[in-house]
Amino acid sequence: MKLQGVSAVITGGASGLGAATARLLASHGVKVAIFDMNAEKGEAVAAELGGVFCNVNVTNEESVDAGFAKARAAIGQERILVNCAGTGNAIKTASRARETGEIKHFPLDAFNLIIQINLVGTFRCIAKSAAGMLTLPPMEDGERGVIINTASVAAEDGQMGQAAYSASKGGVVGMTLPIARDLASESIRVNTILPGIFNTPLLQGAPQNVKDALGASVPNPKRLGDPDEYASLAVEMCRNGYFNGEDVRLDGAIRMAPR
């Protein structure tokens with residue numbers, strides 16, 4: 001896909017992987033819309049890139065619809081969607097308190113929240129963006145659009161306490177190929193990136209010794225991933241027209257231990 005002049009929507013675009021991707025796409029002449037719940041950061045990134053910020057909660061149908069309407073009014077129908085909005089938690093399926101022996105289980109509302117944000121929210125944005133892409137004629141290279149999702153290495157080797165997170169990210173991986181097949185006849189490609197341990201806002205508040213230990217656990221290179229490295233792969237997935245239906249780990253060859 002030729003990027004110059006096309007429009008893109010980046011969910012979770014106010015920081016971390018999403019912001020890095022928005023910046024790199026904009027550097028290639030892409031008009032960007034940032035979907036996020038952090039208005040202060042989102043407005044700042046959008047202003048920096050000459051784009052538009054849309055305050056969007058991906059778990060809410062009306063919020064997503066309003067976001068796409070605002071983005072399309074400002075920069076036109078997107079040909080690129082990058083789904084970076086997501087979150088996680090760490091709760092064991094069932095556990096016994098060491099001090100009291102009290103037995104607890106994973107609260108189902110906490111489990112469902114992660115599924116709603118990471119999996120259902122991702123699919124909601126995919127379906128609505130793809131429907132919009134169908135209104136566009138193919139470009140000179142025959143493409144109509146491209147969708148990139150964010151899963152996690154936890155989709156394949158989740159750690160203790162990550163049942164909800166791994167289920168949600170495994171669902172993103174599992175739906176990538178079927179969606180790519182659904183949209184193939186309309187020349188819309190779909191791929192998913194599975195990041196390893198990246199230096200995103202989630203980790204930036206951790207003590208330096210913790211971040212150093214996490215980086216050292218990566219086989220090669222022995223460091224945390226840089227959001228720009230995620231952005232580089234996302235942009236290549238946009239540009240390379242033969243990249244379709246793939247789930248790609250970006251993790252320095254790490255395989256997560258049980259804990």
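The values are calculated or read from the model by the stated rules, or taken from the named source; none is laboratory data. Not measured: the values here are computed from a predicted model. FYI the Cβ positions are ideal-geometry reconstructions off the backbone, even for glycines, and counts take in every protein chain you see.
Some notes on this structure:
- The condition (being closer than 25 Å to Tyr242 by Cα, at pLDDT 95 or above and not polar (S, T, N, Q)) is satisfied by just one residue among Ala20, Ala14, Ala69: Ala20.
Conditions (1) buried (at least 19 other Cβ atoms within 10 Å of the Cβ); (2) modelled with pLDDT of 95 or more; (3) not small (Gly, Ala, Ser), marked per residue:
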site: Val82; (1), (2), (3): yes, yes, yes
site: Glu99; (1), (2), (3): no, no, yes
site: Gln116; (1), (2), (3): no, yes, yes
site: Val120; (1), (2), (3): no, yes, yes
site: Ala127; (1), (2), (3): no, yes, no
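- Tally of residues being touching a residue at least 24 places away in the same chain (Cβ under 8 Å) and more than 18 Å from the chain's Cα centre (by Cα) across the stretch 72-84: 5
- Failed criterion for Ser168 (all others in (1) farther than 23 Å from Asp109 by Cα; (2) buried (at least 18 other Cβ atoms within 10 Å of the Cβ) hold): (1)
- Elements of type strands (runs of 3 or more DSSP E) contained in the stretch 51-147, each with 1 or more residues being among the β-branched types (Val, Ile, Thr), at negative phi and touching a strand residue (DSSP E or B) at 6+ places or on another chain (Cβ under 7 Å): 52-55, 80-83, 103-105
- Unmet criterion (only one of (1) within 27 Å of Glu143 (Cβ to Cβ); (2) exposed (fewer than 14 other Cβ atoms within 10 Å of the Cβ); (3) among the charged types (D, E, K, R)) for Arg255: (1)
For every residue, the table says whether it meets (1) exposed (fewer than 14 other Cβ atoms within 10 Å of the Cβ); (2) under 17 Å from the mean Cα position of the chain (by Cα); (3) not aromatic (Phe, Trp, Tyr).
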residue: Met175; (1), (2), (3): no, yes, yes
residue: Ser185; (1), (2), (3): yes, no, yes
residue: Ile188; (1), (2), (3): no, no, yes
residue: Thr192; (1), (2), (3): no, yes, yes
residue: Pro195; (1), (2), (3): no, yes, yes
residue: Pro207; (1), (2), (3): yes, no, yes
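- Pairs meeting the criteria (first residue in the stretch 30-41 and β-branched (Val, Ile, Thr) and modelled with pLDDT of 95 or more, second residue surrounded by 24 or more Cβ atoms within 10 Å (Cβ to Cβ) and part of a loop (DSSP other than H, G, I, E, B), beta carbons under 7 Å, at least 6 apart or on different chains) are Val30/Val6; Val32/Gly51; Ile34/Gly13; Ile34/Ala14; Ile34/Gly51.
- Only a single item in (1) within 18 Å of the chain's Cα centre (by Cα); (2) buried (at least 23 other Cβ atoms within 10 Å of the Cβ); (3) farther than 29 Å from Gly170 by Cβ is not met by Ala26, and it is number (2).
- Filtered residue count, the stretch 5-39, keeping only those that are part of a loop (DSSP other than H, G, I, E, B) and under 20 Å from Thr59 (Cα atoms): 6
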